[in-house]
């Protein structure tokens, strides 16, 4: 195959995959926005995706907030601007690191779990069984996961924002000699509601991406156990890449206003 | 359309290929109301594809599927599709029970989710269905992973029959079971099909199972039905393909690709 053919084949493959994902997403959104809903499934997914991700998101946020504080303090010191560290930490966490890190943690924990579970259901004919039992797999499997991720990732991000800023606060007050009340006051006065809202809007989009990639790759898994493993890897990698791409696009849109 | 002459299920001129490999090549399979047809054939001969096309899990490349005289390709709305699916029951090869649900929730899945039967009543009906396949009420609250393969098959059978379908499909019902458990499943299948008076289509390569559960047997080879006749005639079919398959001989017209 000559190089032009190879590029053409790859491009066609990419377009086919993009189309397939778009159709899958359309069916998933359609099932999410119309009845019947499976409330039990939704509740189960809210717990699995949201509640059970709290420890990993919280730990990531506290360490990131603390490290960010140290880095900004050191960097700011190069031009005598150490004192703006609380503001930069708060801005960095709420607008960028909170939503992105929470989404990446979910990509690793949740996207993989969704792909593995749905992929195993595909391999063991449980998805075929759903169809024969007059139950649409998109309503029963995909929609609850999409809704749960879109609802819970902003909540997790709000927690990550709080804990991340607290991590910066701890380092600043315990090791860098900042005054606690002043740190809080500087942070509070500096942040606008849009700093927080833009991060939460981003995280809702990221939640959709994470759940969609897990469900898409799991639903289309083939080839038994190896296929399920492949689907899980693809879900995590594609979710992470799409989160970064969406982050750039959304940040561009938000900063252009 | 429900006259007795119209086949309850009919595949007409069904063709299906995967890439260059033609799996079904213009297959015609009518199944009369209340009859039990067993399709036999070697691995990779399209038995599972046939059953998936019949039940609507896979679309044929060409040909039609009729259920009670109605062309299933003309079913458009989700509600009509759900009503159509409600006429079917299916026992999957590996039982395909949902891991995250208890046995009774599995058995009652159609009742609670599609038919909106209250959970208490659905549970009672599930336990009754479990009893009919020889499973005690004590398994109702267990999860599939806690049951043996034979018990999972029984639970799968209970799920297939609980909503009293008109057509039941059995996909390799005895695969993976020891001969005694296989015979138990065969007996249960015969008993349940008779009790419901439904039409049954099974695929298997287990001849003991085929003889026991089929009124008729059809053999699928190279994408075509090469023989079909009463189950009692299977041992003197006069068909070289059937003879080779039934007797499990390596020599004969059926060539195995190595």
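Would you check which residues across the stretch A:87-124 are within 13 Å of chain B (Cβ to nearest Cβ) and without any contact (Cβ under 8 Å) to a residue 24 or more places away in the chain and list them? Residue satisfying the conditions is A:124 alone. In this structure, is residue B:117 more than 10 Å from every other protein chain (Cβ to nearest Cβ) and either closer than 30 Å to residue B:17 by Cβ or in a strand (DSSP E or B) (or both)? Spelling it out, it is not the case that residue B:117 is more than 10 Å from every other protein chain (Cβ to nearest Cβ) and either closer than 30 Å to residue B:17 by Cβ or in a strand (DSSP E or B) (or both). Checking the stretch B:135-148 against the condition returns no match, with no residue being touching a residue at least 60 places away in the same chain (Cβ under 8 Å) and either more than 29 Å from residue B:30 (Cα to Cα) or surrounded by 15 or more Cβ atoms within 10 Å (Cβ to Cβ) (or both).
Residues in the stretch B:46-64 that are more than 13 Å from chain A (Cβ to nearest Cβ), farther than 19 Å from residue B:6 by Cβ and more than 16 Å from the chain's Cα centre (by Cα): B:60, B:61, B:62. Within the bounds of the stretch B:245-252, is there any residue that is under 24 Å from residue B:160 (Cα atoms) and not in a loop (DSSP other than H, G, I, E, B)? Scanning the stretch B:245-252 turns up no residue that is under 24 Å from residue B:160 (Cα atoms) and not in a loop (DSSP other than H, G, I, E, B). Being crowded, with 18+ Cβ neighbours inside 10 Å and within 14 Å of chain A (Cβ to nearest Cβ): is that true of residue B:67 here? Considered against the rule, which asks whether it is crowded, with 18+ Cβ neighbours inside 10 Å and within 14 Å of chain A (Cβ to nearest Cβ), residue B:67 comes out as yes.
Going by what's in this entry, would residue A:30 be described as modelled with pLDDT under 95 and either more than 30 Å from residue B:78 (Cα to Cα) or in a helix (DSSP H, G or I) (or both)? So residue A:30 fails the test.
The values are calculated or read from the model by the stated rules, or taken from the named source; none is laboratory data. Please read these numbers as outputs of a predicted model, since none were measured by experiment. Methodologically, a virtual Cβ is constructed for each residue, glycine included, from the backbone with ideal geometry; neighbour enumeration extends over all protein chains shown.
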